[in-house]
Amino acid sequence: MTLSTPPDWRNDRIGAADRGENPTVITRMRTGWAVLGDTQHLPGYTLLLYAGKADHLTDLPVGQRTEFLTDMSLLGEAVLKVISRRDPAVHRLNYEILGNSWHHLHAHIHPRYTWEPEPWRNGPVWRYDPGVRDAPEHALGPHHEELKEAIAAELRAAASR
């Protein structure tokens, strides 16, 4: 008898979201999954994971690109509303579509705060020391459920307008 390790949802984030097994999921949007980032060193860090097969934004027909970018902006708007109520030090959002590490279309939304230490405050979040980004106290966990629900509620309100 061979014991096998259950698959890690991180190996198939989209499939895990489709199956209801991805704990980062906030909600399903038109073009993909709104999720919280695995680390919350910048509270409210979210992503939009495209639900189809695409590596680059330009892999999509123009209409789907527009829908994806609109979903990204709606997610950002919801995050900013929720985070601003919790921390008045939030002063902007950064939006990024990268794809160097994971070759699947996805967008990062990073709230930026006036309390961030120099030299990271004014540069890309990827310059943060991994020891800061990946510190255990910033790991996504059950205590983030209320944040996910608040963002989901804002997205529902935006959809009804």
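Every residue in the stretch 130-161 that is surrounded by 13 or more Cβ atoms within 10 Å (Cβ to Cβ), over 14 Å from the mean Cα position of the chain (by Cα) and not in a helix (DSSP H, G or I), please.
Asp134, the sole residue that qualifies.
Scan the stretch 90-101 and give yes if some residue there is of a type in the set (Lys, Arg) and in contact with a Phe, Trp or Tyr (Cβ under 7 Å, 6 or more places away or on another chain), otherwise no.
Among the residues of the stretch 90-101, not one is of a type in the set (Lys, Arg) and in contact with a Phe, Trp or Tyr (Cβ under 7 Å, 6 or more places away or on another chain), which makes the answer no.
Anything in the stretch 103-161 that is polar (S, T, N, Q) and over 26 Å from Gly52 (Cα atoms)? List them, or say none.
Thr114, Asn122
State which residue pairs qualify: first residue within 15 Å of Met72 (Cβ to Cβ) and inside the stretch 93-107, second residue in a loop (DSSP other than H, G, I, E, B) and of a type outside the set (Lys, Arg) in any location, beta carbons under 6 Å apart, and separation of 6 or more residues or different chains.
Note: pairs meeting the criteria are Leu105/Ala54; Ala107/Ile97.
Can you work out which of the residues in the stretch 1-39 that are hydroxyl-bearing (Ser, Thr, Tyr) and modelled with pLDDT of 90 or more is farthest from Ala54 (Cα to Cα)?
Checking each candidate, the answer is Thr39.
Every residue in the stretch 112-129 that is outside any loop (DSSP other than H, G, I, E, B) and in contact (Cβ under 8 Å) with a residue 60 or more places away in the chain, please.
Listed by number, the residues that qualify are Arg112, Tyr113, Val125.
Report whether or not Arg10 is loosely packed, with under 13 Cβ neighbours inside 10 Å and either touching a Ser or Thr at 6+ places or on another chain (Cβ under 7 Å) or within 16 Å of Ala150 (Cβ to Cβ) (or both).
no
Before we move on, is Ala157 modelled with pLDDT of 90 or more, in contact with a Ser or Thr (Cβ under 6 Å, 6 or more places away or on another chain) and not polar (S, T, N, Q)?
Values: modelled with pLDDT of 90 or more: yes; in contact with a Ser or Thr (Cβ under 6 Å, 6 or more places away or on another chain): no; not polar (S, T, N, Q): yes.
So Ala157 fails the test.
Looking at (1) at pLDDT below 90; (2) in contact with a helix residue (DSSP H, G or I) (Cβ under 6 Å, 6 or more places away or on another chain), which is the one condition that is false for Tyr128?
Condition (2) is where Tyr128 drops out.
Within the stretch 117-129, track down each residue that is more than 17 Å from Gly37 (Cβ to Cβ) and surrounded by 12 or more Cβ atoms within 10 Å (Cβ to Cβ).
Across the stretch 117-129, the qualifying residue is only Arg121.
The values are calculated or read from the model by the stated rules, or taken from the named source; none is laboratory data. These numbers come from a predicted model, not from an experiment. Cβ coordinates were reconstructed from backbone atoms using ideal geometry, including for glycine residues, and neighbour counts include every protein chain displayed.
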